[in-house]
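Since the structure comes first, as structure tokens, the remarks are kept for the end.
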Amino acid sequence: MPVAPALEAVGVRKTYGDGTTALAGVDLAVATGETLALVGESGSGKTTLLRLWNRMVEPTSGEARVEGRAVRDLDPIELRLRIGYVPQDGGLLPHWTVFENVALVPRLLGWEPRRRRERAREMLELVGLDPGLHGERYSAELSGGQRQRAAFARALAGDAAIVLLDEPFGALDALTRQELQQQFLELKGRLGKTMTLVTHDLGEAFRLGDRIGVMRGGRLLRLDTPEEIARHPGDDYVRRLLDLRAGLDPAPIPGGASAL
Amino acid sequence: MILLTALPVQAAGGTVVVGSKNFEESRLLAEIFAQLIEGRTGLKVERRLGLAGTQVCFEALRTGAIDLYPEYTGTGLVTLLGEPARGSANQILNRVRSEFLARWDLWWLSPLGFENSFEVAVPAELARREGLDTLTDLARVAPRLRGGFGYEFVGREDGLLGLAKAYGLHFRQVQPMQQAIQYRAAGERRIDALDVYTTDGRLVLYNLKVLRDDRHFFPPYEAAALTRGTALRAHPEVGAALGLLGGALDADRMRALNLRLQEGHESEAVVARDALRDLGLAGAAARGKRQEGRSHGAGLLPYLWQERSALLRRTLEHLGLSALALGFGCLAAIPLGLFLERHRRPAEGVIRGLGLTQTIPSLALLAFFIPFLGVGALPAVVALWIYSLYPIVRNTFTGVRDADPRAVEAATALGMTDGQVLRLVRLPLAAPVLMAGVRTAAVLTIGTATLAAFIGAGGLGEPIVTGLQLADSRMILSGAIPAALLALLVDGVLGRVEGALRPPGLEARR
């Protein structure tokens, strides 16, 4: 019997009350231990897709599954406690110290304070923050890169097997972004988590993703390894993206989309 | 609310509650009643002096918040029964006696012996110059004159309204004003005519000429204790004691006594004690020490020092009223604000509706509850409570709604329940805004609580209300200054609380 994929979307559609369609029928699966990079411009539906798995968004039709079970049958709180989450701006609670933030999920899971603190310390070291130096600081006292590191530590602290990242490096300057991407790659190799990462930067997707899903207008245009996509774009839009990335003079993209 | 209704509003066991209206003679008569009852019976007397006008007094009596107060038969006939002012003093007395008994079980005890009536006076110099002797004369020149009349007089059928019909009396301008201020205004010739009453002691002092009522418009009014039947049956000795005053006070004596209050600035307790002594009615236990003579002429600070124990009591009362209102305000408004934040659709409407309460004049709101809740602390706390709701609801709603949405979203996505998000994220982040609402409400409540004295709830408004009635600025300040300081102090303390509740980490962002 084949092992169920860690994350799965089956024919998911999402139409909002105002009539906008965020997802127009998407099927995909993320294998355990795999890192999927979803790439697309704003409004392509990539973030909506991501949020189906921790039930921050409910699909209009279709089904999101986690480890083979439909999320709609799972208690959302229990589900979310099992899935790490890193939002774009870190989303640290501004009135809690870095320690408290990182220990958030352990706290919700009812761990002992001592164990929580130990865990927070470990996680901070893991993401390259000095617990002694940064642990007692508040979000406002951190740099953008430090915030993202702390947010990543927080997502890992509950020992979730799955981590969802919503443009985790999007708001950072180029240098910091590169540094964090490097560290992400190291951790990815060490931790063996299943991760789905949303980005609008094709370069980032190529660097970090085991596979890349290209989204546009609520549809998944391509889903393949970076190498395969580079070799056989298969779709006009994807080809143009690649051209853009290669720094070639791109032909205008049909549909009027500008540079990403 | 359960706790509030348990507050003693009704006269309990051996206590009689005496009320008065907000002018000197009414206060004095009430104090005379009170001392007489204290001296001649074993009953305790609770004083609710200076209630805001005939309606407030009457409603307080009808609902049992007070047991008796001095009233005038003509006022009973015209203002309370709504009948035309016609007939002799005796006819009027018989009419109100039978009607009040039948309708409300209220008893007019023996009239005190003086007839009192409204009259209209003008500065003597003006009367000489214009040859004014009667109200008919006045009607001739009135279109050139400014009238300054008491608030009640302006609106009463047996006051200015009736005068306009009976004499065709129309002034160029009519300024409603406090009785105590009218004399000063007339003295300074800022008004040309004012309403006075027969027993007013100040007529002589201010060089005023009373105009003859040549068409016999003003009915003769007799003063008497208007009393609840239930109180008389429960304590027959009250009727017996007050009966001793029947016919005992004539107009000359009343004028002299009133003058001591009005211009001598003596306290009604002292004047009442002297009056009872002169009448040979001084009881064994006449307790005149409640408000010893208001030694006139001393500066504000010595006066405040002299009044320190009363000041402390009033401050505590004031704080108590405000704290109760604010406490219940928080208990109701914070949950309501949170509820509305969850149910946005009705939110704006509900909050706007609450905002409307802020536009209701405070005194009107206070008076509104008298028919249901009587007078005293209960209606005052309820009215203040209503005032406190809006700022707290508004700020709770806004504060929680606008709490850092990214933090809220992250907390939810990481597995917090709605309750945890509220308790651990939204409320702490909203705390500064929420507390700002509580502070606004606190300052508002402490300020408005000064008006509670108008409905007999005590507090720092007491000397303000009395001082207004007696035109005693020192007395007004002895309430106004502590009230202002109290508001500043409470605001300061709540500011510290706000600082303590401000989540750490929010400072650095600035």
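We did not get these values from a lab; they are worked out from the coordinates using the rules stated. Just so we're clear, the structure is a prediction, and the values are computed from it rather than from any experiment. Cβ coordinates were reconstructed from backbone atoms using ideal geometry, including for glycine residues, and neighbour counts include every protein chain displayed.
Before moving on, here are some points about what is shown:
- Distance (nanometres) between label positions extended 7 Å along Cα→Cβ at B:Thr357 and A:Leu191: 5.1 nm
- Taking the helices alone, chain B has a mean residue ellipticity at 222 nm of -17500 deg cm²/dmol, built from -39,500 (n - 2.57) per DSSP H run of at least 4 residues and averaged over all its residues.
- R0 of 41 Å, Cβ-Cβ distance B:Glu237-B:Glu83: FRET efficiency to nearest 0.05: 0.80
- Between A:Val102, A:Val238, A:Val39, the residue with the greatest mean-square fluctuation in the GNM of chain A (Cα pairs under 10 Å linked by springs) is A:Val238.
- Separation between Cα centres of region B:315-372 and region B:98-118, rounded to whole Å: 39 Å
- When the Gaussian network model of chain A links Cα atoms closer than 10 Å, the mean-square fluctuations of A:Gly68, A:Gly158, A:Gly19 top out at A:Gly19.
- A simple charge model with +1 on the Cβ of Lys and Arg, -1 on the Cβ of Asp and Glu and nothing else charged puts the dipole of region A:85-229 at about 400 debye relative to its Cα centre.
- Region A:176-197 and region B:437-510: distance between their alpha carbon centers, rounded to Å: 59 Å
- Against chain B, whose longest principal axis is taken from its Cα atoms, helix B:24-40 shows a tilt of about 90°.
- With eigenvalues of the C-alpha gyration tensor scaled by 5 and rooted, region B:308-509, Å: 37, 19, 12
- Candidates B:Gly458, B:Leu49, B:Leu324 compared by Cα position along the dipole of chain B: farthest toward the positive end lies B:Leu324, with charges placed on Cβ.
- Taken over region A:164-246, the convex hull of the Cα atoms encloses 103 Å³ per residue.
- Peptide B:420-427 has a mean of 2 when you count, residue by residue, the C-beta atoms of other protein chains within 10 Å of its C-beta.
- The protein assembly as shown: mean projected area of Cα convex hull, nm²: 47.4 nm²
- Hull-based mean projected area of chain B, where the convex hull spans the alpha carbons, in square nanometres: 28.3 nm²
- Shielding of peptide A:95-104 by partners, expressed as the average count of other chain Cβ atoms within 10 Å per residue Cβ, is 4.
- Summing Cβ point charges (Lys, Arg +1; Asp, Glu -1) relative to the Cα centre of region B:118-211 gives a dipole of roughly 380 debye.
- Think of chain A as having a plus end and a minus end, set by charges on the Cβ of Lys, Arg, Asp and Glu; of A:Thr47, A:Pro94, A:Leu109, A:Leu109 sits farthest toward the positive end of this dipole.
- Distance from the C-alpha centroid of region B:173-232 to that of region A:6-33: 85 Å, rounded to the whole angstrom.
- Per the Cα gyration tensor, region A:2-118 maps to an equivalent ellipsoid with semi-axes of 29, 18, 13 Å, ordered largest to smallest.
- Sequence ranges B:433-445, B:379-391, B:252-264, ranked by mean other-Cβ count within 10 angstrom, highest first: B:379-391, B:433-445, B:252-264
- Axis of helix B:308-342 versus longest Cα principal axis of chain B: the two differ by about 50°, to the nearest ten degrees.
- Lys, Arg +1 and Asp, Glu -1 on Cβ, resulting dipole of chain B about Cα centre, debye, nearest 20: 1180 debye
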